[in-house]
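See structure below.
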Amino acid sequence: MEPCEFPDIEQRLSPVLQRHGADASRLLQILRDVQDTLHFIPPEAVTCISSHLGIPRDSVEGVAGFYSFLSLQPAGEYRVLFSDNITDNMLGNRELMQYFCNKLWVEQGRVSEDNLVSVDTTSCTGMCDQGPAALVNGWALTNLDQNRLDLIAELIRSRKPVADWPPMLFEVVDNIRRKDTLLGDAFESGSAIRATLTRGTRETLAEVDKANLRGRGGAGFKTASKWTFCHAAVAEEEGSVICDIGGNPERFIVCNADEGEPGTFKDRVLLTSYADLVFEGMTIGARVVGASKGFLYLRGEYRYLLEPLEAVLKRRREAGLLGDNILGEAGFSFDIEIHLGAGAYICGEESALIESLEGKRGRPRNRPPFPVTHGYKGRPTVVDNVETFAAAAKIGLHGGEWFAAQGTPQSTGTKLLSISGDVSRPGIYEYPFGVTVEQILRDCGGDDAHAVQISGPSGTLVSWQEFGRRIAFEDLPTAGAFMVFHRKREMFAAAHNFTHFFAHESCGFCTPCRVGTELQKKIMDKIAGGHGTPADLEELKHLGGILGSMSHCGLGHSAANPVLDTLKKFPGTFERKLKALAFEPAFDLDGALETARKITGRDDEWAHL
Amino acid sequence: MSKTISIDGQAVAFSDGQTIMDAALAAGIYIPHLCHNPEFKPHGSCKLCTVKVNGRNVASCTMPAVEGQEVLSDTGELNAERLVLTQMLFVEGNHLCPGCEKSGNCQLQAVAYYLGMMSPHFNHFYPQREVDASHPDVLLDRNRCIYCELCVRASRDVDGKSVFGLSGRGIGTTLVVNSTSGRLGDTSIAATDKAMQVCPTGALLVKRRGFAVPIGDRIYDHLSIKDHLSIKEVQTGGDHE
Ligand SMILES: Cc1cc2nc3c(=O)[nH]c(=O)nc-3n(C[C@H](O)[C@H](O)[C@H](O)COP(=O)(O)O)c2cc1C
Ligand code: SF4
Ligand code: SF4
Ligand code: FES
């Protein structure tokens, strides 16, 4: 296909460019808008944006090329991406995608001849409790089945704008199944900020410390320490006193709503129905560290939440909970801006997230220095998970002791779990830390469970023998994913899916992860194709070691976990797939002759190896 | 007041702001590396320079030296892991050492020799990558690029041209150039640019200069990269032509 020509690109892009100003840190947002308008980012647009922002052309191309939802090639007027997490697989997404492709006469990964539509897969879209899911031009579709796909195909054929499609296709429900103190108690907007102002800033930080709140994004770093470091960073630089609020240079509060880990969707629910709690936690954090500006980094898959969240922000501004002199407190100014991602799991890693916020490729930075001292635009920055801020708001309101009364000594409070897979009641469950896997399975109807993937592919695979283990930093730490597999599931399939996920999501910066995840994927494909040998298993273990020890960031460090865990806990699932040979080539020699047989019309014994 | 770290048991002096790699190079200790060149801001992508500090692996080119660090570098375990990384770089691209103009002067090849690489070990990826011969004086053969971004840094920070950048991600990462056509011939690069001197492989070459020194008489034909770099790099900043 010939690349399209856009001689009028300046006019076409001028509303977008005007909206964002000549601010290079808005590059990703600009590219998103261009993608929405033109369905891809043509070379002319790259040139135009580069001259408008005053940055080199290859930087613009570099950013456009990095994010999955941006396309430098013509991508079709309707771009349908099927969520491809293992839970979607288990619900038949692959078969449905094939059905859909046949219906529209397109091949997966290709744009239709008339440039109308393209169909492909994307990493988990955070709808595991209501899959199979997909995105159409970035908008989430849920509960797909043949009927819905028939309708969607019809809408596409008649070129109906996505905005006019029936709303039921886009319905996303919360599915909250168990509430505890975070979700259960009614929360009055402003109450936590008020309590914070009354108590004092230093005292509030002391409460967060006393609560022993640990980050809900996975690593479990103590939130009070992070806030203290961030605050101290400037104080040190400026030679002033710690906890001296007011008249401070810039610091930033960032809420990490990238939620890219397959199997997690609790942040989606918090942002849907508890946004006030989250924004209030950010505001308290801002008060404590002395930040006047905050960002919500919202993953591209949750594009549909943008307007509702903007509305909440607007309402809070009107109520005096954001903006200048919050709740009448002189000099307490704080506001929040929402930044949309564009399909990159790595942007959940905090330093990659900051790069992305600055309008760059999402590449994890070298550390030290850490974001708390050198974050957004080189200024001290706190990056916390959505749930962490929600919990902080509750602590601001009720105090640290109240919070620490729940959970275990090292893991206080409650934890939201996103439960999906082979259970009768998928959805969000809030438990005090310390709950056993067994108990959870009982509650969600995971009766035939054989294994649970805790905290997503980068987490831990737990087999039926370990169901007595507990959700807590002391035992099974988790960002919240809880994917259940029943007895009949082939665990190899899950590990296979996860290797594809990591290879697709590696940022490509460092050698071990860029090449190692791809090698791992190729070996898993070889085994899946029936060509695996014991030597391949050894190679997988070997690669796992290199990924874990040499990678630059957490993605590479954990990319081999699913394979290593599955090899250890379910070795049979691999062995059943192996050829009992010492060596086996990755391709089928006889199969390679098939084309020749077709051409010559021969299929006799001599035409085979 | 001089501070010290220990590298493989040897006391090494450093000053504030130096990385472990800086301290090592100044002391004439070779830590294998490809994406590092002391003239440029550290990058930390190839991971060949990984060392063990107090039991944890870190990239020595980006890790600040801190008083009292116990650094392990020249160990069997680390060299074995570095060898695997080197093999990864070889199978990821299309390297044709015997016929390559850079043979004997190539750091990738020299590191492979140093680490005792006898085979690529993994299956080759055989990627399709574009060769760009559009410029009258320089050649870009992406088949040999290892994404060290030295040309990116040199062109941006020294030449002030930003001719090179990376696009794509993961295994689909590509080196792109700053022109609407995407071709080097339409950029402002010149054969005399710093960017043309820093490539550790044969990916960026000045035309009509190949084989000026015959293979057999080149830098690493006589000296291992360890012996060459630990003496020379401090003085010449790693220009291996
Ligand atoms: C590859 C990768 C992906 C991550 N994705 C997320 C994410 O989607 N959401 C999140 O809160 N933290 C994510 N993290 C962890 C963040 O880097 C960071 O630790 C976290 O946002 C800190 O917040 P917390 O202290 O509140 O947990 C990710 C880390 C890595 C290495
Ligand atoms: S480990 Fe992977 S994701 Fe992390 S920096 Fe390296 S290539 Fe990028
Ligand atoms: S062309 Fe050379 S210098 Fe540039 S990134 Fe590739 S290998 Fe490095
Ligand atoms: S030299 Fe340190 S990572 Fe490449």
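Near A:MET491: Cβ cut-off under 13 Å, other residues only, Lys/Arg at +1 and Asp/Glu at -1. The net charge is +3. One way to sum up the overall shape of region A:82-187 is the equivalent ellipsoid from its Cα gyration tensor, whose semi-axes run 29, 16, 11 Å, largest first. Of the GluC sites (Glu not before Pro) found in region A:435-485, those that fall in a DSSP loop while having at most 16 other beta-carbon atoms within 10 Å are A:GLU474.
Against chain A, whose longest principal axis comes from its Cα atoms, helix A:511-528 is set at around 40 degrees. Over the protein assembly as shown, the hull volume per residue, using the convex hull of the C-alpha atoms, is 188 Å³. Short-range pairs are left out: with C-alpha atoms under 8 Å and at least six residues apart, the relative contact order of region B:81-206 is 28 percent.
For region B:4-73, DSSP calls about 85 percent of its internal beta bridges antiparallel. If Lys and Arg each add +1 and Asp and Glu each add -1, what is the summed charge of the other residues whose beta carbon sits under 14 Å from the beta carbon of A:ASN147? Spelling it out: positives minus negatives among the neighbours equals -1.
Among the listed pairs B:LYS41/B:LYS207; A:LYS360/A:LYS541; A:LYS222/A:LYS293; A:LYS522/B:LYS226; A:LYS266/A:LYS314, those with a Cα-Cα distance over 32 Å are A:LYS360/A:LYS541; A:LYS522/B:LYS226. Among the protein heavy atoms of chain B, carbon and sulfur supply 52% of the accessible surface, probe 1.4 Å, non-protein parts ignored.
Among the protein heavy atoms of region A:52-196, carbon and sulfur supply 46% of the accessible surface, probe 1.4 Å, non-protein parts ignored. Each Cα pair under 8 Å and six or more residues apart adds its sequence gap; the mean of these over the residue count of chain B is a relative contact order of 21 percent. Here the simple spin-label model places points 7 Å from the Cα toward Cβ, and for A:GLU95 and A:LYS541 these points are separated by 3.7 nm. For the pair A:ARG157 and A:ALA186, the difference between a 0.36 nm per residue extended length and the Cα-Cα distance amounts to 5.8 nm. Please return the longest stretch of chain A lacking exposed loop sites, where trypsin sites (Lys or Arg not before Pro) count only if DSSP places them in a loop and at most 14 other Cβ atoms lie within 10 Å. Here the longest run is A:180-486.
With kT/(6 pi eta Rh) evaluated at 4 °C and eta = 1.567 mPa s, and Rh the Kirkwood radius from Cα pairs, region B:106-174 diffuses with a coefficient of 90 µm²/s according to Stokes-Einstein.
Using C-alpha pairs under 8 Å with a sequence gap of at least 6, the mean separation divided by the residue count of chain A gives a relative contact order of 13 percent. When the inverse distances between all different Cα atoms of region A:492-576 are averaged and flipped, the Kirkwood radius reads 12.4 angstrom. Of the GluC sites (Glu not before Pro) found in region B:22-94, those in coil by DSSP whose Cβ has at most 12 other Cβ atoms within 10 Å are B:GLU67.
DSSP assigns beta bridges within the protein assembly as shown; of those with both partners inside it, close to 60 percent run antiparallel.
For A:LYS569, the aspartates and glutamates whose Cα comes closer than 14 Å to its Cα, not counting residues fewer than 8 places off in the same chain, are A:GLU466, A:GLU490. The ratio of the alpha-carbon radius of gyration of region A:306-455 to the globular-protein estimate 2.2 N^0.38 Å is 1.32. Between helix A:491-505 and chain A there is an angle of about 70 degrees, using the helix long axis and the longest principal axis of the Cα atoms.
Going by a ≥ b ≥ c, the root eigenvalues of the Cα gyration tensor, does region A:1-59 fall in the rounded group (a/c under 1.5), the prolate group (a/b larger than b/c) or the oblate group? Taking the square roots of the gyration eigenvalues as a ≥ b ≥ c, region A:1-59 is prolate. What is the list of residues in region A:304-332 whose amide nitrogen lies under 15 Å from a point 7 angstrom out from the Cα of A:TRP139, following Cα to Cβ? From region A:304-332, the list is A:304-308. For region B:81-206, evaluate the Debye formula with one uniform point scatterer on each Cα (no solvent term) and list log10 I(q)/I(0) at q = 0.20 Å⁻¹, rounded to two decimals. Scattering profile of region B:81-206, log10 relative to I(0): -1.17. Shape class of region A:328-382 from the Cα gyration tensor (axes a ≥ b ≥ c, square roots of the eigenvalues): oblate, since a/c reaches 1.5 or more and a/b does not exceed b/c.
Each part reduced to its alpha carbon centroid, region A:294-322 and region A:72-134 end up 29 Å apart.
The translational diffusion coefficient of chain B, from Stokes-Einstein at 20 °C and 1.002 mPa s with a Kirkwood hydrodynamic radius over alpha carbon pairs, comes to 115 µm²/s. Using the Stokes-Einstein relation with a Kirkwood hydrodynamic radius computed over Cα pairs, the translational diffusion coefficient of region B:4-73 at 37 °C and a viscosity of 0.692 mPa s comes to 282 µm²/s. Please give every one of the lysines within straight-line cross-link reach of A:LYS160, meaning a C-alpha to C-alpha distance under 26 Å, and leave out same-chain neighbours fewer than 8 residues apart. Of all the lysines, those that pass the test against A:LYS160 - Cα under 26 Å, at least 8 places apart if same chain - are A:LYS103. Helix A:93-104 axis versus longest C-alpha principal axis of chain A: approximately 70°, rounded to the nearest ten. Computed from the C-beta positions of A:GLN73 and A:TRP606, the FRET efficiency with R₀ = 35 Å rounds to 0.20. Taking 0.36 nm per residue of sequence separation and removing the Cα-Cα distance, the A:LYS314/A:ALA493 pair yields an extension gain of 59.9 nm.
Other residues lying with their Cβ under 9 Å from the Cβ of A:GLU250 contribute a combined charge of +4, Lys and Arg counting +1, Asp and Glu -1.
The values are calculated or read from the model by the stated rules, or taken from the named source; none is laboratory data. All of these numbers come straight from a predicted model, not from anything done at the bench. Ideal geometry is used to build each Cβ from the backbone, glycine not excepted, and the neighbour counts take in all protein chains shown. In case anyone asks, the SASA skips ligands and DNA or RNA and just uses the protein heavy atoms, side chains included. Shrake-Rupley method; radii C 1.70, N 1.55, O 1.52, S 1.80 Å.
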